[in-house]
Structures are given as structure tokens and as C-alpha cells.
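Participant: First the structure, then my questions, so here it is.
The values are calculated or read from the model by the stated rules, or taken from the named source; none is laboratory data. Every value quoted in this text rests on a predicted model; they were computed, and no experiment measured them. Positions of Cβ are generated from backbone atoms using ideal geometry, with glycine treated the same way; all protein chains shown enter the neighbour counts.
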Amino acid sequence: MPPVLFVVCQDKSTASWAAEPIRIGPSTHTSIAVFPLVLGPDNLPAIIDPDEAAQDLGLSVFSALTHAKDPALPAILDALATALVDTGGEIAKDWAEFIEIGLGDPRTRALWRNLMATYTSRFPGSGTIIEESINRGLAQSRAEDILRLLTLRGIDIPEAARERITGCADLETLGTWFDRAVTATDVEELFADM
């Protein structure tokens, strides 16, 4: 396929500047002229409807990136997060990471990360990649909390127990272990009857 110079801008003035042809060659003779394809807030709509976002994820992603300085950004990102969760699969995971990187500004990236970390699937239990990622993160966090609580209470944690706790992905089991860690006198009390 022929190459295309693709430019994504978050403000109109940069988009206008980037859309100018790039002329290559001496001043007396242009041997090549490149006309970039520029996406900016003036030529992409702000997509705030999850159903519309799901119809064309690529367009929705670039809408979010070009409108990163728009006051409507939280609504744009929420619609996009909903569309990604509903889509699921590797493509959703790839887009989610691409969006985070593309947002650039630490505050907008934090907004996206927070949204994706706290996002509740509209189809819980469906096993989407987003849901699995969220559950993996919750399990890891809960395991770290159990270990920290045991450490603060001065309870010795053998390596085998540490591996069992950090290797567990079942949130209900980890919840039980956390509850038991509050009063346990040794790590084996966590695993009793399990």
C-alpha cells in the first residue's frame, strides 16, 4: 500500500499548520510534495454516544485523541470506554493502551486510567478482556493487601504461602483470606478449610 503521512492534532492551529504541504528539494525545484492527512478537533466530531463509538472504534479513538483538550473529554472517554468494554477481545486491549499513550497529558492519561480501572462492564461475567484485566488487577491488589496486613501484624509469611496468595485470582477466596488475616495468629489460619 502507498504510504500516507498521518498527523493527529489536539488544537486547530497546529492542525492547520500540519496540513500545509511539505515540499522536499532545493528552493528552485520541488522534487517531492507531501500532503499530510491531518485529523484535528475541527474535522472530527466529538463522539459522546457509546453506541456511535462502537460503530467505528478507530474513528472514536481518534475523536478522543483530537478532543483531548475539549471540556467534553470525560463524556468522550466514557463513551469510548463503554464501546471498548462491550467489544472486548485483544482489539479493545490494544485500543485502550493506544488511547492512554496518545492522550499525552498526565492529567488526561490519569483520567483514562481511572476510568478504565473503575469501569464496570455492562455485561458482567461475559469474560471480556477488559473485565479479565480489571479482575486481574483487583486480585493482585487484594493479594498485596493481605501480605501487607500480615507483615504489619508481624506474622511470618513462608515463600510457599506468599506464592499461594499472589497466585490466587479468585476474588472471593482472596476476600476470605483478607478477613482471616485481620485476626489470624499464623498464615496457615488463612488457608484452613479451603
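Participant: Being assigned to a helix (DSSP H, G or I), closer than 30 Å to Asn114 by Cβ and among the hydrophobic types (A, V, I, L, M, F, W, C) is the filter here; which residues of the stretch 168-194 pass it?
Facilitator: Selection gives Leu171, Leu174, Trp177, Phe178, Ala181.
Participant: Which of the helices (runs of 4 or more DSSP H) contained wholly in the stretch 1-119 include at least 3 residues that are free of Cβ contacts under 8 Å to residues at least 24 places away in the same chain and within 13 Å of the chain's Cα centre (by Cα)?
Facilitator: 89-103, 106-118
Participant: Still on this structure, I have one more. Only one residue in Asp56, Asp70 is at pLDDT below 90, surrounded by fewer than 17 Cβ atoms within 10 Å (Cβ to Cβ) and out of contact with any Asp or Glu (no Cβ under 6 Å at 6 or more places or on another chain). Which one?
Facilitator: Matching residue, one of Asp56, Asp70: Asp70.
Participant: Ok, one more. Go over the candidates Ile165, Ile155 one by one and state the one that is surrounded by 14 or more Cβ atoms within 10 Å (Cβ to Cβ) and part of a loop (DSSP other than H, G, I, E, B).
Facilitator: Answer to the check: Ile155.
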